[in-house]
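Report on the structure given below.
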Amino acid sequence: MSIPFSRSTRSLTSDSFRPALIGLALAIVTLVALIVWFLLARISIYQSSTSAVLQPDGQVVASFPEETFARLQNGQAALLRLGQTGDQRPVSLPAVVFDTQGGSEQVILVITDASALPDGLAEGSKGRVDVETEKISPAELLLRASGKFLASGRTTTPSPAPPSSLP
């Protein structure tokens, strides 16, 4: 037995694609938000050293590998994590790169909030330093990882050699 024509036309007019359109609109908005984040968000890139030592004058000296050392500059923000003995937890302190000593790959850092140093922390305490060297977008990070965009954010171009005088 077939359905009467009047019932089928009423059924077609009462059907709507509203739920599908709402779902499609939500998917498009989510996709646009992810693309904007992918292109505009900033991700911090850190260079790490596990050989940081607290000096008696309150400064911290850390050694970095040669390829990492080239990216460090005075004034960059850093996070210092000093280990403590016993049951005490490690201390995390904000610091700033104060001086880079070129020949030795050593960096001197200054703790920005000296009042946060705990009383029981001994001079010569060892720890880890993470220095924020640059901020890039996830798109740049992906291109750099794929090999399409190899240069880091801070590139230096070699200066041209002075012209030699011909006799």
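Read-outs throughout are calculated quantities, based only on the coordinates presented, and are distinct from any laboratory measurement. Please read all numbers here as calculations on a predicted model, not as lab measurements. Using ideal geometry, Cβ is built from the backbone for each residue, glycine included, and neighbour counts are taken over all protein chains shown.
Inter-label distance, residue 11 to residue 146: 4.9 nm, where each label sits 7 Å from its Cα along the C-beta direction.
Taking 0.36 nm per residue of sequence separation and removing the Cα-Cα distance, the residue 25/residue 81 pair yields an extension gain of 15.5 nm. The peptide list 39-46, 18-25, put in order of mean Cβ contacts within 10 Å with the highest first, becomes 39-46, 18-25. Modelled label positions at residue 73 and residue 135, each set 7 Å beyond Cα in the direction of Cβ, lie 1.5 nm from each other.
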